[in-house]
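Inspection log for the structure reproduced underneath, given as structure tokens.
The values are calculated or read from the model by the stated rules, or taken from the named source; none is laboratory data. Treat the numbers as computed from the prediction; the structure is a model and nothing was measured. Using ideal geometry, Cβ is built from the backbone for each residue, glycine included, and neighbour counts are taken over all protein chains shown.
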Amino acid sequence: MQSDVTGAIKIGRSKCPENRVKHLQTGNPHKIKLIQVLENKGYLEKSLHKELNQFKIKLEWFDYMCLGSIPQVIYEQLEDPTMFDDWWVKK
């Protein structure tokens, strides 16, 4: 998931990611967009959080700059790596 204000990335796991977005969106004045779902890869969450710890903002939210440090094994599984680009940047 990604915030449309800061570009912050949420790395988490959920049985129903679409419902999770709706839940997080409630009470949040900023748009949250579901960027990518990696099916059956929930076991990677903990190691990914550890790997990206220096970019952690709060809990499961990471600064946009973490994208350059995503492990190659995960990056290769992204449907479209450019989906994280600057859709959220106000022009």
In the stretch 73-88, anything in a loop (DSSP other than H, G, I, E, B) and surrounded by fewer than 11 Cβ atoms within 10 Å (Cβ to Cβ) is listed as GLU76, GLU79, ASP80, ASP86
Looking at (1) under 16 Å from LEU38 (Cβ atoms); (2) modelled with pLDDT of 95 or more, find the lone condition where PHE55 falls short.
(1)
Reported set for the stretch 1-41 where residues are surrounded by 16 or more Cβ atoms within 10 Å (Cβ to Cβ), polar (S, T, N, Q) and either over 16 Å from GLU79 (Cα atoms) or without any contact (Cβ under 8 Å) to a residue 40 or more places away in the chain (or both) is SER3
Search result, residues across the stretch 39-59 that are part of a loop (DSSP other than H, G, I, E, B) and either among the aromatic types (Phe, Trp, Tyr) or touching a helix residue (DSSP H, G or I) at 6+ places or on another chain (Cβ under 7 Å) (or both)
LEU52
So ASN28 clears everything in (1) closer than 13 Å to MET1 by Cα; (2) assigned to a loop (DSSP other than H, G, I, E, B) except one condition, right? Which one?
(1)
